[in-house]
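Structure first, then comments.
Each value in this text was obtained by applying a stated rule to the coordinates, not by laboratory testing. Keep in mind it's a predicted model, so treat the numbers as computed, not measured. Neighbour counts are summed over all protein chains in view; Cβ atoms, including those assigned to glycine, are modelled from backbone coordinates with ideal geometry.
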There are 2 protein chains.
Amino acid sequence: MSSTSLSTSQAEVAIDGDRLWATMHTLAEIGATDAGGVARVALTDVDKAGRDQFIEWVTALGCSVHIDRVGNLFARYEGTDPSRAPVVIGSHLDSQPTGGKYDGAYGVMVGLEVLRALHADGVRLAAPVEVVSWTNEEGARFPPAMLGSGVFSGDISLEAGLGSTSMQGDVLGEELLRIGYSGPEMPGERPIGYYLEPHIEQGPILEEGDHTIGIVTGVQGVRWYDVRITGQEAHAGTTPMERRSDAMVSAARLITEVDNIARRRAPAGRSTVGVVEVEPGSRNTIVGTVRMTVDLRHPDADVLAEMDAELHDFVSTLHPQPQVQQIWYSAPIEFDTEIVNALRSAATEQGKAPVDITSGAGHDACYISKVAPTGMVFIPCADGLSHNEAEAITYEHAVAGAEVTLAGVLRLGS
Amino acid sequence: MSSTSLSTSQAEVAIDGDRLWATMHTLAEIGATDAGGVARVALTDVDKAGRDQFIEWVTALGCSVHIDRVGNLFARYEGTDPSRAPVVIGSHLDSQPTGGKYDGAYGVMVGLEVLRALHADGVRLAAPVEVVSWTNEEGARFPPAMLGSGVFSGDISLEAGLGSTSMQGDVLGEELLRIGYSGPEMPGERPIGYYLEPHIEQGPILEEGDHTIGIVTGVQGVRWYDVRITGQEAHAGTTPMERRSDAMVSAARLITEVDNIARRRAPAGRSTVGVVEVEPGSRNTIVGTVRMTVDLRHPDADVLAEMDAELHDFVSTLHPQPQVQQIWYSAPIEFDTEIVNALRSAATEQGKAPVDITSGAGHDACYISKVAPTGMVFIPCADGLSHNEAEAITYEHAVAGAEVTLAGVLRLGS
C-alpha cells in the first residue's frame, strides 16, 4: 500500500506501512478474543508470549535486550556516539481484559518499525534508539495503572510495585519471576535522552476534526473527590418541602454545577460525576444519604485550582451540605518543547497538518516526563473508542503516526 | 390524670383518659418488641391474639361481633333507631414488622374507648356505633396496603384480596382461615352511616405548629413515574463537554426541577426523587444510563395535573431526554363536609384550636370515603416519626383525639 521515504543526513529511511500493519496484527493474535479484541493482561502467560515475540523480532535486528527488576523491557539499537543517551520509543504490550488491538501495542510496534526501517537501510544515528514496553500500564490486574513507568520514574517504590497484589491474591513480583521477566537492572538507572510515545487518541477530537496527527503538548491535571451528603430520611407524602433535608436535591444541584464548572472553561475543561449511590433508595422516602464522585480536569494547574475553589464555594451554599474530600491530585504535565516542536515540524513538513492536543488520559509518558524530555504522537481511533474490543484505527493513520515518529527520532537522534 | 365531660342531649358521656392509655398499652404488649415497638403483622398468630383481645373487650360491653370474608372485624353497639346506619370508628390492628404502638391501633382503641364511655353511662344514641379493624392495612406481608378497606369499597376484588400472596408464598385467604378470621359477610354489604378514623399524623406539621388536633380535610393525590435516561458512556478525561451525552447531568437537572415543581406550590405540593440508579457507575466514565423515580403529590387534582404538565414540559428540554412513564395515579380525596365540620366544631368547642390538615399518607379512610361519608382526626406524633419502633405520642394528645372523636360520634349519631 504505502511506503514513504524520509530525507536525513545519513540516508533514506522509510516506514514500511504494510510491514507495520502486518506485524501489529500478528501481535494481536497473541491473546486475540472472539470479539476481535485482545486479552493480554499484565504478567499472564499471554503477556509472556507477547514479550517473547517482541524479543524475537528485535533480536533479528541485532538489538540487545535489557530488562529491569519491575519487568520493563528495552530493545537497544546502537548508535555511533557512545556518549549519547538513547532516543526511546515505547508504550506497553499489556491490555485490558477485554481490550483492543492498538492501545499500547501501537506505540511498541511503531518503535519496532522504526528500528526495522533503520536496520533495513543499515542506518545508525549518533544516538542509540531503544524501544521499551513498560510493565502493567493498564493496571487491570495489578493496581495502580502505569506501574512500570511509575517505578522507573521513582513515583512508585520498587517494593510497592513488586508487592502489588491482584484481586485473586497474585503478587506482581512473583508473577514476574514465574514468566521469566524479572531482570537485573534497577528501574530508573537506564538513561533516556528523549522519550517518544506514539498512541491512539482514545478520544474523539482528531476523528471529529478529520485530523490525522495530534501533537500532544501535555496531559491534563486531574483532581478526584469523594463526596458524601447526609440529609434526613422522611416520608415523601407527609413531609413539607420546607422541612426537608433531601440529600438527593443537594446532590443534583452539585452535579449540575460540576458540569457547569468545566463548561465555563470549554474546550479544555472536563468534569464528570460517574458514581452516584443513594440510600435508602425507596420511591416514597426522601433520600437520606448520597455518595458520589467528582472528577475535574484541566491542562493548566492554576485553572484546575480555580475549578477546585469553585467546587468548594458552591458546596458551601448547599443544604444539606456535601462533605467533599479530594482523594487524588495529578498535576498537569507539559511535554518537552524541543520534542513537541520537532514532532510538529516533522508532521507539517510531511503535509500532515498536525494539531496540538492535550491528552485526557494517563500514559506511561506522564511518569517518564518527570525524568526525561518526553513527547507523544496521537492518531485517531474510530468513535474515540478504547478499552473495548471494538477499538479500531485505519491503515493510513497508523502509518502516518509511524512516519512522524520516525522523523522525530531522526531529528532528535542525529 | 384527665377526665373530660361532654354535654349531650342524652347524658354526660366522657372519655376516661387513663382507661384509654392503659388499654392502648395493654394491646401494645401483644407483639411488643425489645426496642419498644410492635410487630403485629397481618394474619400472623400475633395479629390473631390482638383480634382476640379486641373481641374480649367489646364483648364485655355487650357488643355483637361481625367478620366479613376478608377478615374485616366489626364490633356493634346498638342504637335506639333501627332505621339508622351506624357511625363507624376504626382503623387497623396490624403493624409494620418493626412498627410502633400507635399507627392504626390508636384509632381502634379510641373507638373502643368511645364504646366504653357510652356503655359506662348507659347511653345509646339513635344510630348504632360500630368499631372496625380493617384487615392488612400495612401491606407489609400481603400486598397491597389498605387491602381490607379496599375490598370493602370494591376497589380491590375479593378474589384478588384473598389471593394476595406473601414473599414467603403464604396466601391471605388461607391465613385468614388458619387464624379463624374468615367471616361470612360479603365485604361492602355492611352499611356505614358515617366513618371516622382517628390516627397519628405520621408527619411533622401538628407537632411543629404546637397543635393538638388536626381535622383532616382530605388526602393528597399522588402520581408516580418511572424515568429512564439513556446517554452515552465515554471517557471522563478525553471526551469534551460539548460532545457528551451525560445521563447523570440530565437526571440532575430533572431532580432539581422536580423539587422546584412542588416548592412553587408550597405548602401543599410535594415532590420526591427517591430512587436513582446509574450505570456503569465508574469514577472516570460518563454515566450512560440513569433509572429514577418521581413522586408528585397535591390535594387538588387540577394542580397535580399542572405539576404533571410542568414535568413533561421540562423533560422535553433536556438532552439526553428522559423517558417518563406514569405508573400510578391516585386522585386526591376530599372528606365529607358534614363530618369535617362536625369534628372541627367539636374540637373548637372543646378549646382545642384544631387546624385543617391534608393527609400525605394513605389510610383505610381513603377507600371508605368512596362508599360512605368519611372524616379523620389527627393527633401529633413525636418528630413526625412512624413505621418505626420509636413512634411516640403524648397522653394529652391521645386523650384529646378521643374527646374530639367522641364529640363527633355524639353529633353524627344522635
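Projecting 7 Å from Cα along the Cα-to-Cβ direction, the label point of residue B:25 sits 8.6 nm from its equivalents in the other copies, listed shortest first.
The phi torsions of the range B:357-365, fed into the Karplus equation with coefficients 6.51, -1.76 and 1.60 and a -60° offset, translate into couplings of 8, 9, 6, x, 9, x, 9, 4, 4 Hz, rounded to whole numbers, with Gly and Pro shown as x. For the protein assembly as shown, lysine pairs separated by 8 or more sequence positions, or belonging to different chains, with Cα-Cα distances below 27 Å total 4. If you take the alpha carbon atoms of the range B:91-199 and fit the smallest convex hull around them, that volume is 120 Å³ per residue. Note on the range A:221-330: with charges restricted to the Cβ of Lys and Arg (+1) and Asp and Glu (-1), its dipole about the Cα centre is near 240 debye. Less than 5 angstrom separates the built amide H of residue A:359 from those of A:217, A:218, A:219, A:220, all sequence-distant by 5 or more or on a different chain.
Amide H neighbours of residue A:124 under 5 Å, at least 5 residues apart or on other chains, H built in the peptide plane: list them. Excluding prolines and chain starts, which carry no amide H, there are no hits. Less than 5 angstrom separates the built amide H of residue B:285 from those of B:236, all sequence-distant by 5 or more or on a different chain. Distance between the pseudo-spin-label points of residue A:159 and residue B:291 (7 Å out from Cα toward the beta carbon): 4.8 nm.
Computed from point charges on the beta carbon alone (+1 for Lys and Arg, -1 for Asp and Glu), the dipole magnitude for the protein assembly as shown about its Cα centre is near 260 Debye.
Across peptide B:192-204, the mean count of Cβ atoms from other chains lying within 10 Å of each residue's own Cβ comes to 1. Scanning chain B for the beta carbon that comes closest to the axis linking it by rotation to A yields B:252, 2, distance in whole angstrom. With its label point defined 7 Å out from Cα along the Cα-to-Cβ axis, residue B:282 lies at 3.4 nm from the matching points of the other copies, in increasing order.
Normalised by 2.2 N^0.38 Å, where N counts its residues, the alpha-carbon radius of gyration of the range A:221-330 equals 1.14.
The ranking of B:230, B:374 from fewest to most other beta carbons within 10 Å of each one's beta carbon is B:230, B:374.
The tail of the calculated P(r) for the protein assembly as shown, taken as Cα-Cα distances beyond 53 Å, holds 38 percent of the pairs. Separation of the range A:97-123 from the range A:129-174 is 22 Å, based on Cα centroids. Rounded to the nearest whole Hz, the Karplus-based 3J(HN,Hα) values (6.51 cos²θ - 1.76 cosθ + 1.60, θ = phi - 60°) of the range A:107-114 follow the sequence x, 5, 5, 5, x, 4, 5, 4, with x at glycine and proline. Each of A:64, A:387, A:41 was placed along the dipole of the protein assembly as shown (beta-carbon charges, centred on the mean Cα), and the one lying farthest toward the positive end is A:387. Looking at the calculated P(r) for chain B, what percent of the C-alpha pair distances fall above 29 Å? Of all Cα-Cα pairs in chain B, 49 percent lie more than 29 Å apart. In chain B, the calculated helix contribution to ellipticity at 222 nm averages -10000 deg cm²/dmol per residue, counting -39,500 (n - 2.57) for every DSSP H run with n ≥ 4.
Counting from the shortest, the label point at residue A:159, 7 Å from Cα toward Cβ, is 7.5 nm from the same position in each remaining copy. Of the residues A:21, A:239, A:151, the one whose Cα sits farthest toward the positive end of the charge dipole of chain A, with +1 on the Cβ of Lys and Arg and -1 on the Cβ of Asp and Glu, is A:239.
In a GNM of chain A with a 10 Å cut-off on Cα contacts, which of A:13, A:219, A:275 has the highest mean-square fluctuation? Looking only at A:13, A:219, A:275, the biggest GNM fluctuation is shown by A:275. The three principal axes of the C-alpha atoms in the range A:303-408 carry coordinate ranges of 57, 34, 23 Å, sorted with the longest axis first. If both residues of a DSSP beta bridge must be in the protein assembly as shown, then about 70% of such bridges are antiparallel.
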